[in-house]
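Participant: Okay, handing you the structure first.
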Amino acid sequence: MPFDEIDIPDILPQRPPFVMIGKLLHVDRRVTRTSLHVSGDNIFCEHGRLTESGVIENIAQTCAVRMGYINKYVKLDTVKLGFIGAIRNLEIVRLPRTGETLTTQIDVQEEIFGMTLVHATVKVENELIASSEMKISITDIERRENE
């Protein structure tokens, strides 16, 4: 299925207003890329900027979208819940402003026993605004469709 035809809530465990992904741009075995237009009504926006928590959640949800895509479209299974296991080497150069569009990329470093280690970068156009390593644990718990 073309990425631009995918409805993000179909492959993401989170529900509005907690969705921090606008579009899925790319997925392969190692790289996933998403975008998010930062709007003023985003629950993580304060004083015209996306907060640090919003940037971290955007990275985590890029990981979740990757696994949701794999589960639904590759394995033909259901979307599973995941949890942040660790965040390392987080560097936020600046907070994104409302009206800007983030492009978040995760590069899978390792996958073992339900744990995925990624290196993440968040950019506005070509400007790096954040980077981090994140460890995500995927469970066998299925997302409930009515939530």
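Participant: Could you tell me whether region 65-73 includes any residue that is basic (Lys, Arg) and farther than 25 Å from ILE92 by Cα? First the steps, then the outcome.
Facilitator: Our first condition is that a residue be basic (Lys, Arg); within region 65-73, this holds for 66, 72.
This time we only want the ones that are farther than 25 Å from ILE92 by Cα, so: 72.
Yes, some residue in region 65-73 is basic (Lys, Arg) and farther than 25 Å from ILE92 by Cα.
Participant: Which of the numbered conditions does ARG30 fail, given that it passes all the others? Conditions: (1) open to solvent by less than 80 Å² (accessible area, probe 1.4 Å); (2) of a type outside the set (A, V, I, L, M); (3) closer than 22 Å to PHE83 by Cβ.
Facilitator: ARG30 satisfies all of (1) open to solvent by less than 80 Å² (accessible area, probe 1.4 Å); (2) of a type outside the set (A, V, I, L, M); (3) closer than 22 Å to PHE83 by Cβ except (1).
Participant: Of the residues in region 94-115, how many are modelled with pLDDT of 95 or more and surrounded by 11 or more Cβ atoms within 10 Å (Cβ to Cβ)?
Facilitator: Going through region 94-115 one residue at a time, the tally reaches 15.
Participant: Check off (1) assigned to a helix (DSSP H, G or I); (2) free of Cβ contacts under 8 Å to residues at least 40 places away in the same chain for PHE18 and give me the number that stays unchecked.
Facilitator: (1)
Participant: Of the residues ILE87, ILE59, ILE70, ILE138, only one is of a type outside the set (Gly, Ala, Ser), crowded, with 17+ Cβ neighbours inside 10 Å and not in a helix (DSSP H, G or I); which? I'd like the intermediate steps shown before the answer.
Facilitator: Details: ILE87 fails: crowded, with 17+ Cβ neighbours inside 10 Å; ILE59 fails: not in a helix (DSSP H, G or I); ILE70 fails: not in a helix (DSSP H, G or I).
Going through ILE87, ILE59, ILE70, ILE138 in turn, the sole match is ILE138.
Participant: Are any residues in region 116-135 open to solvent by 40 Å² or more (accessible area, probe 1.4 Å) and in a strand (DSSP E or B), and if so, which ones?
Facilitator: Within region 116-135, LEU117, HIS119, LYS123, GLU127, LEU128, GLU133, LYS135 meet the criteria.
Participant: Do the conditions hold for GLN61, that is, is it touching a strand residue (DSSP E or B) at 6+ places or on another chain (Cβ under 8 Å) and within 17 Å of PRO13 (Cβ to Cβ)?
Facilitator: Working: touching a strand residue (DSSP E or B) at 6+ places or on another chain (Cβ under 8 Å): yes; within 17 Å of PRO13 (Cβ to Cβ): yes.
For GLN61, the condition - touching a strand residue (DSSP E or B) at 6+ places or on another chain (Cβ under 8 Å) and within 17 Å of PRO13 (Cβ to Cβ) - is met.
Participant: Need the failing condition index for ILE43 against (1) without any contact (Cβ under 8 Å) to a residue 40 or more places away in the chain; (2) in a helix (DSSP H, G or I), just the number.
Facilitator: (2)
Participant: Another question, then. What are the residues in region 90-115 that are closer than 27 Å to GLU46 by Cβ, assigned to a strand (DSSP E or B) and among the acidic types (Asp, Glu), if any?
Facilitator: Taking region 90-115 and keeping what is closer than 27 Å to GLU46 by Cβ, we get 90-106.
Still in the list and also assigned to a strand (DSSP E or B): 90-92, 97, 101-106.
GLU91 - this is the single residue of region 90-115 that is closer than 27 Å to GLU46 by Cβ, assigned to a strand (DSSP E or B) and among the acidic types (Asp, Glu).
Participant: Has region 65-79 got at least one residue that is within 19 Å of LEU128 (Cα to Cα) and modelled with pLDDT of 95 or more?
Facilitator: no
Participant: Out of (1) charged (D, E, K, R); (2) under 14 Å from ALA64 (Cα atoms); (3) modelled with pLDDT of 95 or more, the odd one out for ASP10 is which?
Facilitator: (3)
The values are calculated or read from the model by the stated rules, or taken from the named source; none is laboratory data. As the structure is a prediction and not an experimental result, all values here were calculated from the model. In this analysis, Cβ positions are derived from the backbone assuming ideal geometry, glycine residues included, and neighbour counts consider all displayed protein chains. Note: areas computed on protein heavy atoms with side chains; ligands, DNA, RNA excluded. Shrake-Rupley method; radii C 1.70, N 1.55, O 1.52, S 1.80 Å.
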